[in-house]
Ligand SMILES: Cc1ncc(COP(=O)(O)O)c(C=O)c1O
């Protein structure tokens, strides 16, 4: 790194370690410092700042990988930090590994491909970017069709459950698409396929369904939705497709529930997104979107550029992108293989069941998640007379846990839950500790005088 000359007498040039350098010259939070710092000062200062962060392993609510990857993978990641993934001429091997990931994931999702046929897909920053791209492809396809048929093409909509992730709302707002939500009700926290299909009209660009709801990890019934929508399409001639948001479930269902039909085995499923940084077991910053066939991605969305050498096609929201996470995803796919992924998600599921049983044993919670879905345990208090889920969330922080409480979407917004996402680094021992710590919190809360107002704050 080129560093400007440091002021005479500054500590920056002597290379010595200055453990308290940051204390002597407190840095402005608003303005870049005039002087350079030594590398030790910069490192120490930031290390001190970061101590205020929580412990990622104890962040029980996060879907994102918090386990450290293997040393060998970290080594590959460090080696590729300076490679821009978009420079495929400069880094053809990285580009090839990205293509291999797409091919492997497409086959995991049962895309109808010949043995050595390349799949259609894109590596993204996460599921949010993947969903933007999939949504754009549906919108453009629908618009092209309506234009060709001289039909109005200015009011596209997506039908989905009220439990969609916020990134769908961003997509709708950024790209002018209406979201038609199927409302939930207490005890039923995923899309009702019958109601969803009733809401489909000639302007519906796709029905978006979720394999692993953010709120409680539950899988939606994609097969039932597919069958109902096929019937409606046959009657109306509309050809409304399905997108599966498998941000969490894409790397769980193929290993835990291989018989479950949720993917390209169903004819109306035209695209699927998955987060590599959730149950794909890669550090944050990687997702994938896969299309059923090449024809499901409109060609007019693909841009070509030649300023990095050869003519290259691109369909992403960003241009430049780091290579490390792509390489890390490839590492996990070949290092774990089908067997390894199955072992890890089976272990997550086992630990989720340990946690669920422990919570049930306390006798104070209603479980809002399902056993045959993501390894997620969502739970609500049965009795709200003295305190609520938000109080439990706040108090359990005293034991180091970050356990989010939140309300369900409409029309179940009066229900609050606490959510634990059981990840690779959430061991059986941690599950037992969490149950013990929650029990302690309940005992402490029981001793407090009743609050003036009850219910969820
Ligand atoms: C169902 C669902 N879709 C999309 C997303 C967004 O994923 P990402 O964080 O990879 O952008 C999430 C995140 O948790 C999710 O649960």
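The values are calculated or read from the model by the stated rules, or taken from the named source; none is laboratory data. Just so it is clear, the model here is predicted, and its values are computed rather than measured. Backbone-built Cβ (ideal geometry, glycine too); neighbour counts: all protein chains shown.
Only one of 143, 149 is within 24 Å of residue 120 (Cβ to Cβ), surrounded by fewer than 20 Cβ atoms within 10 Å (Cβ to Cβ), out of contact with any helix residue (DSSP H, G or I) (no Cβ under 9 Å at 6 or more places or on another chain) and modelled with pLDDT of 95 or more; which? Steps first, answer last, please.
Values: 149 fails: within 24 Å of residue 120 (Cβ to Cβ).
Sole residue among the options that is within 24 Å of residue 120 (Cβ to Cβ), surrounded by fewer than 20 Cβ atoms within 10 Å (Cβ to Cβ), out of contact with any helix residue (DSSP H, G or I) (no Cβ under 9 Å at 6 or more places or on another chain) and modelled with pLDDT of 95 or more: 143.
In segment 289-316, what residues are without any contact (Cβ under 8 Å) to a residue 24 or more places away in the chain and part of a helix (DSSP H, G or I)? Selection gives 295, 299.
I'm trying to understand the selection: among the residues of segment 317-345, which are in contact (Cβ under 8 Å) with a residue 40 or more places away in the chain, assigned to a helix (DSSP H, G or I) and within 26 Å of residue 83 (Cα to Cα)? Even if it seems obvious, please write down each step before you answer.
Filtering segment 317-345 down to residues in contact (Cβ under 8 Å) with a residue 40 or more places away in the chain leaves 317-333, 335-336, 338, 341-342, 344-345.
Narrowing the set further to residues that are assigned to a helix (DSSP H, G or I) leaves 324-333, 335-336, 338, 341-342, 344-345.
Residues satisfying the conditions are 324, 325, 326, 327, 328, 329, 330, 331, 332, 333, 335, 336.
Limited to segment 168-182, what total is found for residues that are within 14 Å of the ligand (Cβ to nearest atom) and either closer than 21 Å to residue 121 by Cα or outside the structural domain of residue 200 (by TED's automatic domain parsing) (or both)? So the answer is 2.
Applying the selection to segment 186-196, what residues are in a helix (DSSP H, G or I) and in contact with a helix residue (DSSP H, G or I) (Cβ under 9 Å, 6 or more places away or on another chain)?
Within segment 186-196, the subset in a helix (DSSP H, G or I) is 193-196.
Correct list: 193, 194, 196.
Assess whether residue 165 counts as being surrounded by fewer than 22 Cβ atoms within 10 Å (Cβ to Cβ), within 14 Å of the ligand (Cβ to nearest atom) and either at pLDDT below 95 or more than 22 Å from residue 301 (Cβ to Cβ) (or both). Working first, answer last.
Details: surrounded by fewer than 22 Cβ atoms within 10 Å (Cβ to Cβ): yes; within 14 Å of the ligand (Cβ to nearest atom): yes; either at pLDDT below 95 or more than 22 Å from residue 301 (Cβ to Cβ) (or both): yes.
So residue 165 passes the test.
Here is a check on your reading of the model: is residue 64 outside any strand (DSSP E or B), touching a residue at least 12 places away in the same chain (Cβ under 8 Å) and within 16 Å of the ligand (Cβ to nearest atom)? The answer is yes for residue 64. Checked against (1) more than 12 Å from residue 208 (Cβ to Cβ); (2) in contact (Cβ under 8 Å) with a residue 60 or more places away in the chain; (3) assigned to a loop (DSSP other than H, G, I, E, B), residue 164 passes all but a single condition, namely (1). Considering segment 110-132, the residues that are in contact (Cβ under 8 Å) with a residue 12 or more places away in the chain and either more than 16 Å from the ligand (Cβ to nearest atom) or not assigned by TED's automatic domain parsing to the domain that holds residue 85 (or both) include one that is surrounded by the fewest Cβ atoms within 10 Å (Cβ to Cβ), namely 112.
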